[in-house]
1. Once amide H atoms are placed 1.01 Å from N in the peptide plane, what residues at a sequence separation of 5 or more from Trp396, or on another chain, have their amide H within under 5 Å of its amide H?
2. Between helix 343-360 and the chain, what is the angle of the helix's C-alpha long axis to the longest principal axis, kept within 0 to 90° and rounded to the nearest 10?
3. Please list, in chain and number order, the residues 5+ apart from Leu315 or on another chain whose amide H is under 5 Å from its amide H, with Hs placed from the backbone.
4. Specify which residue in the list His400, Ala387, Pro366 is farthest towards the positive end of the charge dipole of segment 337-430, using unit charges on the beta carbon of Lys, Arg (+1) and Asp, Glu (-1), about the Cα centre.
5. Counting only protein heavy atoms and using a 1.4 Å probe, what share of the accessible area of segment 80-136 belongs to carbon plus sulfur, as a whole percent?
6. Based on the Cβ-Cβ distance from Thr126 to Leu89, what FRET efficiency comes out when R0 is 22 Å, to the nearest 0.05?
7. Per residue, how many Å² of accessible area does the chain show with a 1.4 Å probe?
8. Can you compute the modelled spin-label distance between Gln314 and Ala288, with each label point 7 Å from Cα toward Cβ, in nm?
Amino acid sequence: MSARDYALWQLDRRRLPDWPAGAVRWQRPPAPPADPRDIALAEQLTVGVIKNLLHLQHLSSHFAARPLRSIEPAVRKVLALGLYQMRFLTRIPVRAAVDEAVEQTRRIGLGRAAGFVNAVLRAAATRPSPPMPDPQVDPAGYAELALSHPRDLFGRLAAQLGTETALRFCAHSNRQPPTIVRLLPGASIDALSGEGVAVAQHQTPGMFIVQGAPAPCLARWAQQGLAQAQDPTAAAVVPLLEAREGDRVLDRCAGLGTKTLQIRDTFGPRVHITAMEPSEARVTGLRAMLKARGIADIEVRQCGMLGAPPPGAQLFERILVDVPCSNSGVLARRPEARYAQTPAALRSLVMLQDRLLDDTAPWLAPGGRLIYSTCSIWPEENQQRVAGFLERHAGWRLIHERLILPALDAEDRAYHDGGYVAILQRERGG
């Protein structure tokens, strides 16, 4: 399968604004391209279309001279993919992008629309683009049509950060974030260097910027115990546990185990680690990673809620609760999240965050430390959740909290995502 067809298949699986999932009728399940370069191009196309979707839809409607929703959904997707190549990938000739989009339309069984796709893309190649809203006069309109950030999201950002910073935030979310890795204990930076791979020091000690390393390479480094892809903001959470020898440590929402493994790397085998995760697929992935790295002393449990500890249960001296969140602090890395920053989605998340905190609290030993963290910048998921927890639970106190905004306008060596972390302590009488 070509890179463009694989990108279209990946995009067709998403449910996005004016973008129903499953609009393309595939004759057979597509397989990834054989050439790693095509896989990389497909990933670039997929992420690029998602990040620029509202802008591309605006162009599609303008050059088609008709409302977007009057265009068949599968055709909208082909147009967005073609327009992205024309407007954002300078190494692909415009004529090639147009011709490939027309042929792609035929390959997915929509030959009757091939002439329409050809006409729209050729108009985009020869006619002036529609003017964008003036960011000084209509910043929300500019954020929507030029930067592909929904108006509601921009309004929330502007209310919290101010209009100018909110526009910078949106522009930041559209950049290509650097790949940053944490060098694992005992590994040498020389082991990461190779043909086509460039490594540079990040300003955070122990972290490096990597260029030219595809996803399979990053996965291999993790399995071999060389390096783990991780942002500095996320990596700064685990050391706050300050685990001591003999401590029982719980990673409450372990996922695929990035922080579980960092706990092991940071504190070594002198602590007893339990990783808890409700997803069977993620638990399987974590166990496979532990096996690949030869780590046998981490307990992995597939479990959603803990419930009240039974009499005599062993409690944990340290707990990390890295909760599911809106991802509002990592929109550059999670492009789809910008379209899910709705009041309903946020209400659902904060209810889950409260449940996780309340369910976990009884399992912390008196005098113990609980770290609550998110990759969100919204107060509802951060300061308000911690304040609400302290109101509901006597005998707890807040030691420290910090909100980190993404490093707007930063060069790669100073790049970091946004997030929040709080250190909570259960008093010995609590």
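The values are calculated or read from the model by the stated rules, or taken from the named source; none is laboratory data. All values derive from a computational prediction rather than experimental measurement. Cβ coordinates were reconstructed from backbone atoms using ideal geometry, including for glycine residues, and neighbour counts include every protein chain displayed. These accessible areas exclude ligands, DNA and RNA; they are computed on the full protein's heavy atoms, side chains included. Shrake-Rupley method; radii C 1.70, N 1.55, O 1.52, S 1.80 Å.
1. Sorted by chain and number, the residues that satisfy this are Glu427.
2. Helix 343-360 sits at roughly 20 degrees to that axis.
3. The answer is none.
4. Looking along the dipole axis, the top candidate is Pro366.
5. Values: 1550 of 2990 Å².
That share works out to 52 percent.
6. On the way: r = 18 Å, r/R0 = 0.84.
Using R0 = 22 Å, I get an efficiency of 0.75.
7. Details: 19440 Å² over 430 residues.
I get 45 Å² per residue for the chain.
8. So the two model labels end up 2.9 nm from each other.
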